[in-house]
Amino acid sequence: RYADVASMTWTNFSSWFNAAQGVIYAQFAGRQAGTQPYITMLSNTGETERIYQRYVGSQYQTIARVANVDIAQVYNSSESAAVNAKIASAYDSSQLATSTNGQAVTGFAVASLSSVPYGLNTLLIGSFAGTSAFGNGYIQRISYYPTRLTNAQLQALTL
């Protein structure tokens, strides 16, 4: 069968989404080795602005893209293609940060709020634009926090 395509558009999450700061958490299982799956992606309509989580090589990555250019990328390296994984990614006007499977938080300073992706109006789950980079597994849980949690909280979420 075709891959499931799960998404939520602006009208369904505008009441709880905070564009200025937040945390996206995902727990998933069954990812296939050798793929570059997207776990989650917050995007604008043209996908030129986005914050996304994915697995590439041996890294779980969180990337911020502004004006179709990746401006910040953080990752936890030396991660195996784990059957079960947890990732928590935070963004605000000063930093993009992530923790995976209890690893210490890594972060990347973002110059100003004007550098944070804007106009985000879609949440994609387990794929890029619903057309590629499928997660090839099971999303067990997704949570969103409309505030920037501390680094200790990010790490605790992924234990």
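Per the conditions (1) in contact with a Leu (Cβ under 6 Å, 6 or more places away or on another chain); (2) at pLDDT 85 or above, the sole criterion not satisfied by PHE108 is (2).
The residue that is least open to solvent (accessible area, probe 1.4 Å), among those in the stretch 132-159 that are in a strand (DSSP E or B) and in contact with a strand residue (DSSP E or B) (Cβ under 6 Å, 6 or more places away or on another chain), is SER143.
The values are calculated or read from the model by the stated rules, or taken from the named source; none is laboratory data. Quantities reported herein were computed from a predicted structural model and do not represent experimental measurements. Because the Cβ atoms are built from the backbone with ideal geometry, glycine has one as well, and the counts that use them run over all protein chains shown. In case anyone asks, the SASA skips ligands and DNA or RNA and just uses the protein heavy atoms, side chains included. Shrake-Rupley method; radii C 1.70, N 1.55, O 1.52, S 1.80 Å.
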